[in-house]
Amino acid sequence: MRENRERPMKASTVPKGAKQGAEVPVIPGMEASIWTERMVSALVNGVEGGKWYSLMDKVYAPKTLALAWEKVKANRGAAGVDGQSVERFEAQAERYLTELGQALREGSYRPDAVKRVEIPKGPGQTRPLGIPTVKDRIVQTAVKLVIEPIFEVQFLATSYGFRPGRGCKDALREVDRWLKAGYTHVVDADLKAYFDSIPHDRLLARVEASISDGQVLELIRGWMKQDVLRGVERWVPTGGTPQGAVLSPLLANIYLHPLDERLMARGYRMVRYADDFVVLCAAPEEAERALQEIRDWVGDNGLMLHPDKTHIGDCRQPGEGFEFLGYRFEAGQRWVRKKSLQRFKDVIRSKTRGRVATVCGGSSPISTRRCAGGLDISSMRMSTRFNLWTDSSGDGCAHCCASRTSVPVLDGATPTINDGRMHSSRLPGCSPYTRPGKPRDTPDEETTDWRAVCGKTACTVRREGRL
């Protein structure tokens, strides 16, 4: 194992067609401090045997760990099972990173258990969220920085979720483009509990098809088998990747990549955002064939389609539309789905306590503006309907995805001034803070903001019995 780790990349791994010294192409997600010009040339032209060796030294390199730590710190996030918060790690970051690099170099690094919490998903429903420890998030980020470009050059244009330089707005624009082109018979497919049901052995086999560094593979295997801790319960998962782990979105895309290839090779127009995807067809017969292709592939790869959320419809007809990334497409129009709209209203209420003006003009994603849903912030009325094929926005998409991102303030928008007492005019000796801080169980436990490390911020989680 040590020989594999310390063996330098042989010159033979760079094909003869690789142009040494040529201008390095720009590949999304690639960090120049990690990927050398020679490695990029091999990546673009292909490596011998199609597999990459000797990647572990890039993972534990001090500059890689330092960059990974900066990304974890910027994302903040809750403490894991060890109770160590990002702030506490930061206090001695240099020492911790040195110890972490030494453990990875010696092969003594072992991941901790993942803290499992349940966050609200809908009426009477919850979604499991896994929170790794800060050190595990740093190592996962370091591995992701090293291996993501290897798979990024393989992924197809049909995939938009959790990829550098791509997002849900791009996916929505692509859906809108195909609908305008007349592909209105849509297969709306939903994978049931996808992140919890990915077969470990098949997923690892797809990673091994491109990576042969034993230590990197052992790290990924260890994260798949991490214990899950929820209260006093503890168990070892037999499948899936924890939602909230840094590497989970990349692994999820790797596993679904063959489905992208299969449908694209057969000429279908597919738009996928992680495990949410639609196939747009010109005729109902084509849609039926596409759905059968999906069913065959899903069954052969250990997954399941949700029986109630998978359907075919002509989205031009009332009642036959589909939902995708927070929007409802139906009868030639597009509007924010009710669940996303209600969540947006709840966020407004929680931040304003009934007074909208208190957040206007701030940097919050809900600051004063008209958002994708046409929010009239003065009256809290929602005008959310769009003409699908006559949209005047020019790019065929609303200015933002209501459920996953935000947009800049519109030109000419001015902040609304709160007519209450200003911060600088408070009475002498009075605190500017009008509400008591929320108590924590321990100084390092963050109980009010479960932020998934993949970039999503979950709703507030309250423990039973807590106020």
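Numbers at a glance
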item: Residues located in the stretch 198-223, provided they are open to solvent by 10 Å² or more (accessible area, probe 1.4 Å) and under 18 Å from ILE131 (Cα atoms); result: LEU219, ARG221, GLY222, TRP223
item: When residues of the stretch 112-132 are limited to those that are assigned to a loop (DSSP other than H, G, I, E, B) and open to solvent by 40 Å² or more (accessible area, probe 1.4 Å), the one nearest to GLN243 (Cα to Cα); result: ASP112
item: Test: residue in the stretch 79-86 that is β-branched (Val, Ile, Thr), under 19 Å from the mean Cα position of the chain (by Cα) and not in a loop (DSSP other than H, G, I, E, B); result: no
item: Condition check for ALA282: in contact with a Cys (Cβ under 6 Å, 6 or more places away or on another chain) and small (Gly, Ala, Ser); result: no
item: Conditions (1) closer than 21 Å to ILE147 by Cα; (2) under 18 Å from the mean Cα position of the chain (by Cα): number failed by GLN215; result: (2)
item: Within the stretch 41-69, considering residues that are in contact (Cβ under 8 Å) with a residue 60 or more places away in the chain, more than 25 Å from the chain's Cα centre (by Cα) and open to solvent by less than 70 Å² (accessible area, probe 1.4 Å), the one nearest to THR98 (Cα to Cα); result: SER54
item: Counted residues, the stretch 274-283 - those being modelled with pLDDT of 95 or more and open to solvent by 20 Å² or more (accessible area, probe 1.4 Å); result: 2
item: Residues within the stretch 115-142 that are out of contact with any Gly (no Cβ under 6 Å at 6 or more places or on another chain), touching a residue at least 12 places away in the same chain (Cβ under 8 Å) and of a type outside the set (Lys, Arg), tallied; result: 13
item: Matching option when the condition is within 30 Å of GLU48 (Cα to Cα), open to solvent by less than 60 Å² (accessible area, probe 1.4 Å), of a type in the set (Phe, Trp, Tyr) and not in a loop (DSSP other than H, G, I, E, B), among PHE155, PHE195, PHE151; result: PHE151
item: Members of the stretch 57-71 found to be hydrophobic (A, V, I, L, M, F, W, C) and under 13 Å from LEU104 (Cβ atoms), listed by number; result: VAL59, ALA61, LEU65, ALA68
item: Residue, least open to solvent (accessible area, probe 1.4 Å), within the stretch 224-258, restricted to residues that are over 14 Å from VAL114 (Cβ atoms) and at pLDDT below 90; result: GLY239
item: Condition met for GLY332 (in contact with a Cys (Cβ under 6 Å, 6 or more places away or on another chain) and surrounded by 16 or more Cβ atoms within 10 Å (Cβ to Cβ)); result: no
item: Residue ranges of strands (runs of 3 or more DSSP E) in the stretch 220-310 with at least 2 members more than 25 Å from PHE322 (Cα to Cα) and out of contact with any Pro (no Cβ under 9 Å at 6 or more places or on another chain); result: 233-235
item: In the stretch 169-192, the residues that are part of a loop (DSSP other than H, G, I, E, B), of a type outside the set (Phe, Trp, Tyr) and surrounded by fewer than 23 Cβ atoms within 10 Å (Cβ to Cβ); result: ALA181, GLY182, LYS192
item: Yes/no for LEU145 being part of a strand (DSSP E or B), in contact (Cβ under 8 Å) with a residue 12 or more places away in the chain and closer than 30 Å to GLY214 by Cα; result: no
item: Members of the stretch 284-325 that are in contact with a His (Cβ under 6 Å, 6 or more places away or on another chain) and open to solvent by 10 Å² or more (accessible area, probe 1.4 Å); result: PRO284, ASP314
item: Counted residues, the stretch 70-94 - those being in contact (Cβ under 8 Å) with a residue 60 or more places away in the chain, open to solvent by less than 30 Å² (accessible area, probe 1.4 Å) and over 21 Å from ARG230 (Cα atoms); result: 1
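The values are calculated or read from the model by the stated rules, or taken from the named source; none is laboratory data. Because the structure is a prediction, the values reported are computed rather than measured. Cβ: placed from backbone, ideal geometry, glycine included. Neighbour counts: every protein chain shown. Ligands, DNA and RNA are stripped out before the accessible areas are found, and what is left, the full protein with its side chains, is counted by its heavy atoms. Shrake-Rupley method; radii C 1.70, N 1.55, O 1.52, S 1.80 Å.
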